[in-house]
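Participant: Questions regarding the structure given below will be posed in turn.
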Amino acid sequence: MTSNPASLLTFLRKLGVALCDAGDPVNQTTERLQKIADAYGAEDVRFFVLPTGVFIRDHEAVDFSEATGTGLRLDQISALYELVGLASTARITPAEGSTRLDALLGSPPRFGTAATLLGHVAFSVGLGLLLEPTWRSLVAYVVLGLGVGLLGLVARRSRSLSLALPVLASLLVTAVAYQVAAPLLGDTALRVLIPPLVSFLPGATLTMATVELASGAMISGSTRLVYGISRLLLLTFGVAAGTQLAGAHNADVTLIPALGPWTPWLGVAVFGVGVYLYFSAPAKSLLWLMGMLYLAYVAQFLGTLLIGALFSGFVGALVMTVVSYWLQRIPGAPPAQVLFLPAFWLMVPGAVGLLSLNELATDVPIGASDAIGGLWSFISIALGMLVGSSLGRYSITDLVPAAYRQRSAR
């Protein structure tokens, strides 16, 4: 074991908390921490990881550190996994690792206020081009995306305000959508309000909960599931309150022709730029992110043609997860987590569920198939990620049968 066991335990504990905030599945976090402990010769250290914190035990004591729950930006996630890679082979001392970890967690976003706001607008517009591509709707996406982005920047300065932000944002967006978008734009208010609020959707949490439940992590999976559902209900409460504030449940909808079949392809690019700016992606990662976004979109599109829309998320998630793990082995490529998170958001696994709950909250008729479709959307994506993360650990040559490799080598 290292000459300073206390500094190693401190480093491992802080690293585990950071991985929790990065959204790493608990089983993978446990494996990473155990590998790092073994690399430093601390074979007697054991871990118990939850989404809310990390327990660490050695032969003398048990300690616990709770996660902050604030999440990390993409540039922080990239720097974190680079540090994990160094620590996994003991190429950095625990004291240096702790110092470096504190620095990356306290680092400011790569882009300023104006670029971050532009990123959220592009984020909303890009998704809107995929969901409701009309000229009139684009105006609503820009205005509402800018408003939610401003609220997000204000909430970053206050922990208590950030907790109330989903309700506040959904309330204000819904009220404006019903009062402005529906009457003036002649569009469906429920459809218009989804893209500006998508950054609050708990699709990632619900999908990760399904992955952990399927892999046997019952406590963490159940915890994430309850948290995701509660966050979805908070958003729905804000939508219902905003509807009441607007004084109307339904609005006359004028059918407006879509912009054209090219809009989804443009939407993916605009969405990618928005993610790069708003979530502060690491430098030189834009082309990698764009490639992964288009790969996920094409895979999901082909999945729709082959097995139907309900299960297309499985194909998209499987492809993007496997390729992300393979690409991260290329020198200079971002970590897999940075690559597949934006592609995951593109699939909007929580949007269908939020739309269904909103329709219930606003007295809009909804069939059982809509609710079931929302459930299957994130279950199929979760299963795709589960299978993809297992396959992604192998190289392409590892997946080729051994007999065929031997024949090829002759």
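Participant: Mind checking which residues of region 157-170 are of a type outside the set (A, V, I, L, M, F, W, C) and surrounded by 20 or more Cβ atoms within 10 Å (Cβ to Cβ)?
Facilitator: Hits for region 157-170 are P166, S170.
Participant: Assess whether A22 counts as being closer than 21 Å to E212 by Cβ and either touching a helix residue (DSSP H, G or I) at 6+ places or on another chain (Cβ under 9 Å) or surrounded by 24 or more Cβ atoms within 10 Å (Cβ to Cβ) (or both).
Facilitator: It is true that A22 is closer than 21 Å to E212 by Cβ and either touching a helix residue (DSSP H, G or I) at 6+ places or on another chain (Cβ under 9 Å) or surrounded by 24 or more Cβ atoms within 10 Å (Cβ to Cβ) (or both).
Participant: Same structure, new question: Go through (1) more than 19 Å from P5 (Cβ to Cβ); (2) part of a helix (DSSP H, G or I); (3) touching a helix residue (DSSP H, G or I) at 6+ places or on another chain (Cβ under 9 Å) one by one and return the number of the condition A114 breaks.
Facilitator: Against the list (1) more than 19 Å from P5 (Cβ to Cβ); (2) part of a helix (DSSP H, G or I); (3) touching a helix residue (DSSP H, G or I) at 6+ places or on another chain (Cβ under 9 Å), A114 comes up short only on (3).
Participant: If I ask for residues that are assigned to a loop (DSSP other than H, G, I, E, B) and open to solvent by 60 Å² or more (accessible area, probe 1.4 Å), which ones from region 263-315 would you list?
Facilitator: Step one: of region 263-315, the residues assigned to a loop (DSSP other than H, G, I, E, B) are 279-285, 308.
Residues satisfying the conditions are A283, K284.
Participant: Consider A122 carefully, then state whether it is touching a Phe, Trp or Tyr at 6+ places or on another chain (Cβ under 8 Å), part of a helix (DSSP H, G or I) and of a type in the set (G, A, S).
Facilitator: yes
Participant: Could you list, in sequence order, the residues of region 66-87 that are open to solvent by 20 Å² or more (accessible area, probe 1.4 Å) and part of a helix (DSSP H, G or I)?
Facilitator: Within region 66-87, D75, S78, A79, Y81, E82, G85, L86 meet the criteria.
Conditions tested, residue by residue: (1) over 17 Å from W345 (Cβ atoms); (2) more than 18 Å from the chain's Cα centre (by Cα); (3) free of Cβ contacts under 8 Å to residues at least 60 places away in the same chain; (4) open to solvent by 30 Å² or more (accessible area, probe 1.4 Å).
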{"position": "L118", "(1), (2), (3), (4)": "yes, yes, no, yes"}
{"position": "F123", "(1), (2), (3), (4)": "no, no, no, no"}
{"position": "G126", "(1), (2), (3), (4)": "no, no, no, no"}
{"position": "L131", "(1), (2), (3), (4)": "no, yes, no, yes"}
{"position": "W135", "(1), (2), (3), (4)": "yes, yes, no, yes"}
{"position": "V139", "(1), (2), (3), (4)": "yes, yes, yes, yes"}
{"position": "L144", "(1), (2), (3), (4)": "yes, yes, yes, no"}
{"position": "L151", "(1), (2), (3), (4)": "yes, yes, yes, yes"}
{"position": "A155", "(1), (2), (3), (4)": "yes, yes, yes, no"}
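The values are calculated or read from the model by the stated rules, or taken from the named source; none is laboratory data. Keep in mind that what you see is a predicted model, and the values were worked out from it rather than measured. Heads up, the Cβs are rebuilt from the backbone with ideal geometry, glycines too, and the neighbour counts pull from every protein chain shown. Ligands, DNA and RNA are stripped out before the accessible areas are found, and what is left, the full protein with its side chains, is counted by its heavy atoms. Shrake-Rupley method; radii C 1.70, N 1.55, O 1.52, S 1.80 Å.
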